[in-house]
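Let me begin by presenting the structure, written as structure tokens, before commenting on it.
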Protein chains: 2
Amino acid sequence: MEKVCLIGAGSTKYGKLEDSITDIALQASVDAIESAGIGPKEIQAGYISNVFGIADKQVHLGPVIMSNLGIPEVPSLSIESACGSGSISFREAYANVAAGFYDAVLATGVEKVTHTGTEWTTTYFSYCSDFFYEGGAGASFPGLFASMARAYLAEYKATEEDLAMVAVKNHDNGLLNPKAHLRKKITIDDVMKSAVVASPLKLYDCCPFSDGASAVIICSEKFAKAHTKNYVEVIGSGRGGSPAALQGRDHITTIPSTRIAAQAAYKMAGVTPKDIDFAEVHDCFTIAELVDTEDLGFFEQGKAVQAVREGRTKLNGDISINPSGGLKSKGHPIGATGIGQVAEVFDQLTGKAGERTVKDAKIGLTHNFGATGASCAVHIFKSV
Amino acid sequence: MEKVCLIGAGSTKYGKLEDSITDIALQASVDAIESAGIGPKEIQAGYISNVFGIADKQVHLGPVIMSNLGIPEVPSLSIESACGSGSISFREAYANVAAGFYDAVLATGVEKVTHTGTEWTTTYFSYCSDFFYEGGAGASFPGLFASMARAYLAEYKATEEDLAMVAVKNHDNGLLNPKAHLRKKITIDDVMKSAVVASPLKLYDCCPFSDGASAVIICSEKFAKAHTKNYVEVIGSGRGGSPAALQGRDHITTIPSTRIAAQAAYKMAGVTPKDIDFAEVHDCFTIAELVDTEDLGFFEQGKAVQAVREGRTKLNGDISINPSGGLKSKGHPIGATGIGQVAEVFDQLTGKAGERTVKDAKIGLTHNFGATGASCAVHIFKSV
């Protein structure tokens, strides 16, 4: 296996964007290519992550992006795994470079949905659940995560205010991220007074629907060394699955796919959770961040809530969780999110994260899942 | 690199199916697993190819399929590359097994669209073109392939009757395939008298909209040998791209991605077009089969039409093209088609093709592209 590295990353702003899905994918791709200091012709394959291209009337995005980059002959494909599409596409790009099939590839994640309105988006997103048992029975994602939250609050004697603290922290981080969707300081009181979406989750417990694109350049160590001294190494990669419907799981305060993926990634990297300096985790709802950070082994089960109360997951706390602002504040363009997390790690480990820099960070982790965690990938990165 | 093999294949009938997208994907998957003589628990990853899961309200198909197979913890993903999704998903599965990431994986392709009606399907399929230049300007796929046909007929002095002969041949083959969508003997006269869709293409020059699923089990040579003596080896794999919109190409009587993919696959396999005993090629319209068989090197440019006139591409002619009936007669459930081609090769090379068996065949090729060939993958297989 070849060592696999990152040498460039780019992102659009996340939020409500006016440009077409193709244009925002291209903006992020060009950003990543320029950040890597290479030309498009050095790219040997394109990995696109996207879920609802149909919302902007363009699926089969790969060839359109490659053609617009001036490299139409380069093979490309699209990968979908609901909200986990980005990390699972990244994994395929990683695997192909590790195996030596390609020296350098472009992984671009993109989503454009806000123009369709909340009803379309909520309805179509529910097709990512196990629709027979969940979406089709009226359980959309806020409801499913609310079930998890209810179980967690009861099991670990946590409160709605505890959930709110996750949102407040991530908004604090997002304020420092010029590309974040929701750049707005909020208080626990703001969260508690926001409209109930699916009790106990309120509006400010939920990430927004976002448009956006992120892209990274993934390459062999040899290619990286030939182009730059400021690169990042991918040291661990793991994937896992869970029963697609929540009802098929023994417990709903833990996500099996996260545990399986994390175990594989830690093993490959030869590190433990204690070695991780910061992590971008899948906080589609505040409850998810608590569950994630336990499943990733940062805290014992039921103890993440105490860590949040003590501020240990704040920027430059014991372990910085979601320094970018996370899905909650940075935003959640579903096909782009997993790639955006990797872009954040690249920026953090190459000194490009500005005010939100995690001090002295050497090892970062990304965690991104689809639906209620039916699919998941975890990656671990090290500065060189 | 590990040698990569096929040890099982399964398919639903192609056509207008009543079961849900999940159910038909499961039927093909279970068929493939049983055909391989393994249990689901031996599968380490799932590669799903699908384009319009939204038509049946289920995207994020991987975890739903894995969960229903009783292996929810196994990682899965969906790959989309328009009508080429199946072969490009197969390529990712191949690459991961070749690299040693997995010993055995399931690749399942599925599509369920006929219940949406022709208007929905034609509209949504056009999102697979370069929508800004093509679909959005009114050029749906019949129109785009009609442009290719007009150019080909003019350039090589071919006739509409020549195109019709491709349809007649593929229907003859499909009659021998119990799982084909259009099992109906047709004559040149039938084709010529059928309704004009986009001149010079008439209804019988066009493949149907189909529902269906196909699945194959892809594994290392070691895994194959431990389970069966009747397996097939994957000896060549290539991918390529073309300018997404037809207008971006220098010539429209050849498809660049096919040539790039074929060259790579032949090189890896160490064979030439003359070594291929039969090929499943992408005949979404009759014109495509002529162009494909030239781009694949079976005939010189402009000479495929002469070969068809002489019956050289018929079942057990010089080179059997589309012994399954092809997209034209077997049908074209777009996410499944590329996997269905591989399933046909498996059946042919393991003595399971019944009346449509290509005699003494040792080497088969699959060729499957997306849109007007913006994306393409070619694979070459050998009996052991």
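So the values come out like this:
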{"read-out": "Computed over segment B:80-205: relative contact order in percent, which uses C-alpha pairs under 8 Å that are six or more apart", "value": "16 percent"}
{"read-out": "Peptide A:126-135 - average C-beta neighbours from other chains (10 Å radius)", "value": "5"}
{"read-out": "Calculated over segment B:274-314: convex hull of Cα atoms, volume per residue (Å³)", "value": "69 Å³"}
{"read-out": "Computed accessible area, B:Ser194, all protein chains, 1.4 angstrom probe, square angstrom", "value": "20 Å²"}
{"read-out": "Minimum Cβ-to-axis distance in chain B for the rotation onto chain A, with residue, whole Å", "value": "B:Ala99, 2"}
{"read-out": "Between segment A:254-331 and segment B:312-384, the Cα center-to-center distance that results, in Å", "value": "48 Å"}
{"read-out": "Calculated on alpha-carbon atoms, Rg and Dmax of the protein assembly as shown in Å", "value": "25.3, 81"}
{"read-out": "Cut-off 13 Å between beta-carbons: net charge of the residues surrounding B:Ser147, Lys and Arg +1, Asp and Glu -1", "value": "0"}
{"read-out": "Cα→Cβ-extended label distance, 7 Å offset, between B:Ser199 and A:Asp318, nm", "value": "7.7 nm"}
{"read-out": "Difference of contour (0.36 nm per residue) and Cα-Cα distance, B:Glu155 to B:Gln263", "value": "36.4 nm"}
{"read-out": "Förster-model FRET efficiency, 30 Å R0, A:Glu310 and A:Lys184, C-beta, rounded to 0.05", "value": "0.75"}
{"read-out": "Segment A:104-187: trypsin sites (Lys or Arg not before Pro) falling in loop per DSSP and having at most 14 other Cβ within 10 Å", "value": "A:Lys157, A:Lys184, A:Lys185"}
{"read-out": "Area buried, chain A against chain B - accessible surface, total, 1.4 angstrom probe, square angstrom", "value": "4100 Å²"}
{"read-out": "Cα gyration tensor of segment A:74-208 - equivalent ellipsoid semi-axes, whole Å, descending", "value": "32, 20, 16"}
{"read-out": "Rh (Kirkwood; distinct C-alpha pairs) - chain B, Å", "value": "20.1 Å"}
{"read-out": "Convex hull volume per residue in cubic angstrom - Cα atoms of segment B:1-82", "value": "118 Å³"}
{"read-out": "Alpha-carbon Debye profile of segment B:178-294, log10 I(q)/I(0) at 0.12, 0.13, 0.17, 0.18 Å⁻¹", "value": "-0.69, -0.79, -1.15, -1.20"}
{"read-out": "Distances in nm from A:Lys362 to the matching label points in the other copies, shortest first (labels 7 Å along Cα to Cβ)", "value": "5.7"}
{"read-out": "Using a 7 Å Cα-to-Cβ projection, A:Gly37 label spacings across copies, nm, ascending", "value": "5.7"}
{"read-out": "Gain on full stretching of the segment that runs from B:Lys41 to B:Glu300 - 0.36 nm per residue minus C-alpha separation", "value": "88.5 nm"}
{"read-out": "Out-of-range pairs (alpha-carbon distance over 31 Å; input A:Lys267/B:Lys362; A:Lys112/A:Lys229; A:Lys57/B:Lys328)", "value": "A:Lys267/B:Lys362; A:Lys112/A:Lys229"}
{"read-out": "Across the identical copies, how the B:Asp172 labels are spaced - nm, sorted shortest first, 7 Å along Cα→Cβ", "value": "7.7"}
{"read-out": "GluC sites (Glu not before Pro) within segment B:228-304, DSSP loop, no more than 11 other Cβ atoms inside 10 Å", "value": "B:Glu300"}
{"read-out": "Helix-only [θ]222 nm of chain A, DSSP H runs n ≥ 4, -39500 (n - 2.57) each, per residue, nearest 500", "value": "-10500 deg cm²/dmol"}
{"read-out": "Spacing of the two label points (7 Å from each Cα toward its C-beta) at A:Glu73 and A:Asp275, in nm", "value": "4.2 nm"}
{"read-out": "Chain B: relative contact order as a whole-number percent, Cα under 8 Å and 6+ apart", "value": "27 percent"}
{"read-out": "Segment A:1-157 - convex hull of alpha carbons, volume per residue in Å³", "value": "160 Å³"}
{"read-out": "Percentage relative contact order, segment A:1-127, counting C-alpha pairs under 8 Å, at least six apart", "value": "31 percent"}
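The values are calculated or read from the model by the stated rules, or taken from the named source; none is laboratory data. This structure is a prediction, so every number in the text was calculated from the model and none was measured. Backbone-built Cβ (ideal geometry, glycine too); neighbour counts: all protein chains shown. Quick note on the areas: whole protein, heavy atoms, side chains included, nothing else; ligands and nucleic acids left out. Shrake-Rupley method; radii C 1.70, N 1.55, O 1.52, S 1.80 Å.
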